Each structure stands twice: as C-alpha cells, then as structure tokens.
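Here is the structure we will look at.
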Amino acid sequence: MPEKKPQNAWEQVGRYTSLAFLLPASTFAGYAVGYLLDRWLGTSFLTIVCLVLGMAGGLFQFIRQVLSESNRDDG
C-alpha cells in the first residue's frame with residue numbers, strides 16, 4: 001500500500017476554493033444558457049428549466065467532489 005504524502009496547504013486551499021465556486025458558477029451557467037435559448041427561440045420557460053438543471057448539476061458535482069475528498073482522507 002503506498003504511503004500517503006502530506007498535502008501542501010496551497011493545494012488544499014485551491015481544492016476547497018473550487019468547491020466554493022462550483023455551485024454558483026453552475027447556477028449562473030444554467031441561467032445564462034436558458035436565457036440565451038429563450039431569446040433565440042422566442043420562448044419563456046427555458047430559463048427556469050436550465051437554471052434548475054444547472055443547480056442540480058452543480059449540487060451533484062459538489063457531492064461527488066466532497067465524497068471523493070472524504071475517501072481520499074480516509075484511505
């Protein structure tokens with residue numbers, strides 16, 4: 001079994017900072033895509049649909065990264 005090397009403090013800061021920006025960035029991206037699609041297609045519901053999809057995708061990715069971090073720390 002390979003030995004765990006200690007993590008650099010800046011590496012940890014970068015990893016956890018990316019988690020802090022993940023959910024707002026995915027929410028904004030979903031909103032922006034939905035807004036642009038609504039303007040292009042002349043509809044009015046795609047903004048909400050894409051916003052919800054962006055939030056769900058961001059939350060899913062956040063949970064995946066947190067679980068990956070906890071498995072990395074445990075094993």
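Readers should treat all values here as calculations from the given coordinates under stated rules, not as data from a laboratory. Note that the structure is a prediction, hence the values are computed from the model and not measured. Neighbour counts are summed over all protein chains in view; Cβ atoms, including those assigned to glycine, are modelled from backbone coordinates with ideal geometry.
Each of Y16, L67, G42 was scored by the projection of its Cα onto the charge dipole of the chain, and the greatest displacement toward the positive side belongs to G42; charges sit on the C-beta of Lys, Arg, Asp and Glu.
Mind checking the full-extension length gain between F28 and Y16? Use 0.36 nm per residue of separation minus the Cα-Cα distance, one decimal, nm.
That pair, F28 and Y16, stretches by 2.4 nm at full extension.
For the chain, the longest principal axis of the Cα atoms and the long axis of helix 9-41 meet at an angle of about 10 degrees. Spacing of the modelled spin labels on Q61 and Y35, each 7 Å from Cα toward Cβ, amounts to 1.9 nm.
Estimated at 0.36 nm per residue, the fully extended path between F45 and N71 surpasses their Cα-Cα distance by 5.4 nm. Under the combined filter of DSSP loop state and at most 11 neighbouring Cβ atoms within 10 Å, region 16-52 retains these chymotrypsin sites (Phe, Trp or Tyr not before Pro): F45.
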